[in-house]
Amino acid sequence: MKIFQCSHCENPIFFENTICQKCGSWLGYFDESKDMHALQPNLEYWQLPDGRQVKYCQNHDYDVCNWLIKTDGDGYCAACHLNHTIPNLEVDSAIEKWRYFESAKHRLVYSLRRLQLPVRRKETPEDDGLWFHFVDKELEGKDIKMGHANGEITILLSEADSVQREMIRKDLKEPYRTMIGHLRHEIGHYYWDQLVWKNADNLQAFRSIFGNEQVDYTESLRTYYNAGPAAQWQGQYISAYATAHPWEDWAETWAHYMHLIDTMETAYHFGLDVEPELRNAEHMHAKATFDPYETQDFKQILDYSLPLFYAMNSINRSMGISDLYPFVISDSVVQKLTFIHDLVRSVKWTQ
Ligand SMILES: [Zn+2]
Ligand SMILES: [Zn+2]
Ligand SMILES: [Zn+2]
C-alpha cells in the first residue's frame, strides 16, 4: 500500500490511523480521493482540506473503520457496506477480532479499487454482488465453514485469534496463514465467477492453464485431505492446497497475485532499491521505479520481487522471525500469475 501523510502536519500515517500522533488531527480515508485527510470540525460534519463536507462511516463508532463518506451517504463506507453478518459484540473480545477482520477487509477493498475491479454490495441472494459473513462458529452452533458461494464470503471469527490461527496453520502444515490471505483467497473465487465463468474465451484460456474445473469438487477435496498433495507439487503450484482442485489453484494464485501487488506497491512508495553485495549477481539488483497497479508487464513485477523478498526474508531472519515471503515461484506459477495480471488489466469496470 502507498504511504499516507497527515494533510495538516505531513507526518507519515498508517491507513488505519484515526488520529495523527504528531498534531492530534482527526484523520479519515476518503475512497473517492484514495487518500487520508486531516479533518476540521464543521457544524455537524467534518471538513476535508479542500472544503468538502464529509462524515465518518457508522462503524467509526466502534473504532473499526476510519473511512469517510459523503454527508448524504447511507451510513456505511464502501468496505463496511459489504457486511451482511458481524459477530455478537457483547461477547468478550469479539470487537477486537472484528477490528482485525475490518483492517484486512478495508485493505482488500483498497486494492480491488486500485485494480478497478467491480466491488458492490449484494442486494438479493441471487444478484452478483458481494456479502461478507464474519461469524462465530461456537455461537452459531452449526458446522459453518469458511468459503465462498455466489458472492457470499464466510470468514470464521476464530481466524482473528492469533493462537487459534497458528494452531490451524501448524496442523495443516501451511507456511503462511493470515486474515488478509483468507480474504484474498475467497475474493479470488468470486472474481473467477465474474471474470472467467461469464466469458467463454477466458474460461477456455483458464482451463488450458489451470485444468478443467468440471472434475468433481467435493471428491477432489476429499482426496486432497486424505492423501495430501501430489509429490513435487512445487513445480506447478503456489501452495499444497492449490493442488486440490483447479478452483483452489486459481484462488490460491489470485491471493498470491494480490500479495505481490500490495507488497510491490509498498516497496515502490518507500523507494526500496535492492543492491546486495554479491558476486556476479546483477539479476539480484532491483530498483523500485514502478507502481505495480500501473504496470503492464508482469515480468517487471516479478523481477523486482525476487531480490526484494530475499532482502526482506534476510531481515526477518535477523530478528529471529519466520520469512516474510515463504514461497517459491516456479515457471508454471509465473504463467498462472501472468494470466491473472493480464485478465485483471483487461477489465475496465466503471464503479
Ligand atoms: Zn498531523
Ligand atoms: Zn466503514
Ligand atoms: Zn477456496
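The values are calculated or read from the model by the stated rules, or taken from the named source; none is laboratory data. This structure is a prediction, so every number in the text was calculated from the model and none was measured. We place every Cβ from the backbone using ideal geometry, glycine too, and count neighbours over all the protein chains shown.
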Exercise. Report whether or not Arg52 is within 19 Å of Tyr191 (Cα to Cα) and either surrounded by fewer than 17 Cβ atoms within 10 Å (Cβ to Cβ) or out of contact with any Gly (no Cβ under 7 Å at 6 or more places or on another chain) (or both).
Key: no
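So that you can scan it fast, the table gives a plain yes or no per residue for (1) in contact (Cβ under 8 Å) with a residue 12 or more places away in the chain; (2) touching an Asp or Glu at 6+ places or on another chain (Cβ under 6 Å); (3) near ligand 1 (Cβ under 10 Å from one of its atoms):
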| residue | (1), (2), (3) |
| --- | --- |
| Asn11 | yes, no, yes |
| Phe15 | yes, no, no |
| Gly24 | no, no, yes |
| Phe30 | yes, no, no |
| Lys34 | yes, no, no |
| Ala38 | yes, no, yes |
| Gln47 | no, no, no |
Exercise. Could you tell me which numbered condition Asp63 fails, if it satisfies all but one of (1) outside the structural domain of Val163 (by TED's automatic domain parsing); (2) away from ligand 2 (no atom under 12 Å from the Cβ); (3) touching a residue at least 40 places away in the same chain (Cβ under 8 Å)?
Key: (2)
Exercise. Would you please name the residue that is surrounded by the fewest Cβ atoms within 10 Å (Cβ to Cβ), looking only at residues in segment 182-194 that are closer than 17 Å to Lys336 by Cβ and touching a helix residue (DSSP H, G or I) at 6+ places or on another chain (Cβ under 6 Å)?
Key: His189
Quiz item: Which one of Ile168, Ile180 is out of contact with any strand residue (DSSP E or B) (no Cβ under 6 Å at 6 or more places or on another chain) and either within 16 Å of ligand 2 (Cβ to nearest atom) or without any contact (Cβ under 8 Å) to a residue 40 or more places away in the chain (or both)?
Solution: Ile168
Quiz item: Which of the residues spanning segment 209-239 are outside any loop (DSSP other than H, G, I, E, B), touching a residue at least 40 places away in the same chain (Cβ under 8 Å) and not aliphatic (A, V, I, L, M)?
Solution: Phe210, Gln234, Gly235
Self-check item: Filtered residues of segment 269-321 (kept if part of a loop (DSSP other than H, G, I, E, B) and among the β-branched types (Val, Ile, Thr))
Solution: Thr289, Thr295, Ile321
Quiz item: Taking segment 134-162, which residues are touching a strand residue (DSSP E or B) at 6+ places or on another chain (Cβ under 8 Å) and under 14 Å from His189 (Cβ atoms)?
Solution: Lys145, Met146, Gly147, His148, Gly151, Glu152, Ile153, Thr154, Ile155
Quiz prompt | Pick from segment 43-60, criterion of a type in the set (A, V, I, L, M, F, W, C) and more than 20 Å from Pro87 (Cβ to Cβ), ranking: farthest from ligand 2 (Cβ to nearest atom) | solution = Leu43
Practice problem: Being of a type in the set (S, T, N, Q) and surrounded by 13 or more Cβ atoms within 10 Å (Cβ to Cβ) is the filter; apply it to segment 303-342 and report the residue that is farthest from Thr243 (Cα to Cα). | Solution: Asn316
Exercise. Tally the residues that are within 16 Å of Gln47 (Cβ to Cβ) and of a type in the set (Phe, Trp, Tyr), restricting the search to segment 1-26.
Key: 1
Quiz item: What number goes with the only condition from (1) of a type in the set (D, E, K, R); (2) assigned to a loop (DSSP other than H, G, I, E, B); (3) within 16 Å of ligand 2 (Cβ to nearest atom) that Arg113 does not pass?
Solution: (2)
Exercise. Would you point out which residue out of Arg113, Arg177 is surrounded by fewer than 17 Cβ atoms within 10 Å (Cβ to Cβ), under 18 Å from the mean Cα position of the chain (by Cα) and over 23 Å from Ile238 (Cβ atoms)?
Key: Arg113
Practice problem: Within segment 80-102, identify whether any single residue is in contact (Cβ under 8 Å) with a residue 24 or more places away in the chain, assigned to a loop (DSSP other than H, G, I, E, B), outside the structural domain of Glu16 (by TED's automatic domain parsing) and closer than 21 Å to Ala255 by Cα, and answer yes or no. | Solution: no
Quiz item: Scanning for something under 30 Å from His37 (Cβ atoms), touching a residue at least 12 places away in the same chain (Cβ under 8 Å) and of a type in the set (S, T, N, Q), does segment 141-150 turn up at least one residue?
Solution: no
Quiz item: Of the conditions (1) within 28 Å of Lys97 (Cα to Cα); (2) away from ligand 2 (no atom under 15 Å from the Cβ); (3) crowded, with 16+ Cβ neighbours inside 10 Å, Asp31 fails just one. Which one is it?
Solution: (2)
